1. Note down the nm distance, to one decimal, between modelled labels 7 Å out along Cα→Cβ at residue 1 and at residue 253.
2. Contour minus end-to-end for residue 366 and residue 269, with contour as 0.36 nm per residue of separation and end-to-end as the Cα-Cα distance?
3. Could you tell me what percent of the DSSP beta bridges with both partners in the chain are antiparallel, to the nearest 5?
4. When 156, 206, 296 are ordered from fewest to most other Cβ atoms inside 10 Å of their Cβ, what list results?
5. Would you give the gap between the C-alpha center of segment 241-303 and the C-alpha center of segment 329-378, rounded to a whole Å?
6. Counting DSSP beta bridges in segment 218-324, what percent are antiparallel, to the nearest 5?
7. Against the longest alpha carbon principal axis of the chain, how many degrees, from 0 to 90 and to the nearest 10, is the axis of helix 333-343 turned?
8. Most fluctuating residue of 258, 36, 323 in a GNM of the chain with Cα springs under 10 Å: which is it?
Ligand SMILES: [Zn+2]
């Protein structure tokens, strides 16, 4: 029997913020990711599928696959687990471990006005949801009714997975966020040589940014070195906890290889908790010169964390030099182009795309289709639209 597939973005279509995609394979109902923004402004709209021809209730969801632990891919987990009570929720072991730190770091699972009692209830619910996640490692096929699902390494952040869904006649890849270059903590994405996909659902953050060049962390090392060598302390602030973890690894490696002057490295409490947990899962980043943040400390030192002074977090010297460290964990436009060209799937569904860069919305499609060997049809999937594949 020919597999019937329908796809509806519930959030994270042509936007970054609430990645959640409904995939119906014959009679089976799947959610790929369940993200929202920490302030709740962007959240998945389940009303798109709670109507004919889809579902009467979210209890009919069979499986939820979580690609990685960033808030915009997992922020709605507590709610979903409480309403999709029949669904199996799957992630890699590292993603499961990271989710706790990532959700609480951004103010808890349900920010906004609520009583202490309501908040406690929500936190218990999230805790229960995280504990219910079924873990599976990379390259280990999970035989589920009607299809086989395999996680492959996606790069991006530790634990991140591409989700491959195989039916007797279809091969679908959901990339989640991924990277084509190794980072301080991950390799690039790794897919088996022989695998082929007829449909790819691609998180293409830079699909509309042809002139975008990926900034790396290393460009900051020169100024960090000069500051430390001159006896100044500094705090390095990142937008995400996993980015702070990556900065910690880069600074530690710089000090270990003597590319940076030796100095104590202090950490945000959440970062320390996360790094300690990951040490126990064999991702070893911590060094003897890494410490919890003291109240006061003579310099020079480096402080690393997600939020700088003024955020209410402990910090040894608010007057120290501060730097926001930002870098991209996503493929550039040209890397995306190469990625699509390599697999040349029949259908390319682009989701999770950032704003159009000066009218460049369809450049990627036009450039790829200019080649006679390109067999792909491109869909820039919009929230709430139904795509029959
Ligand atoms: Zn991500």
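1. 5.0 nm
2. Fully extending the segment from residue 366 to residue 269 adds 30.2 nm.
3. Rounded to the nearest five, the antiparallel share is 45 percent.
4. The order, fewest Cβ neighbours first, is 296, 206, 156.
5. Spelled out, the Cα-based centre of one part sits 38 Å from the other.
6. Here the share of antiparallel DSSP bridges comes out near 0 percent.
7. Once rounded, the angle reads 40 degrees.
8. 258
We did not get these values from a lab; they are worked out from the coordinates using the rules stated. Bear in mind that the values here come from a model prediction, so they are computed numbers and not experimental data. Every residue, glycine as well, gets a Cβ built from its backbone with ideal geometry; the counts of neighbours run over all protein chains shown.
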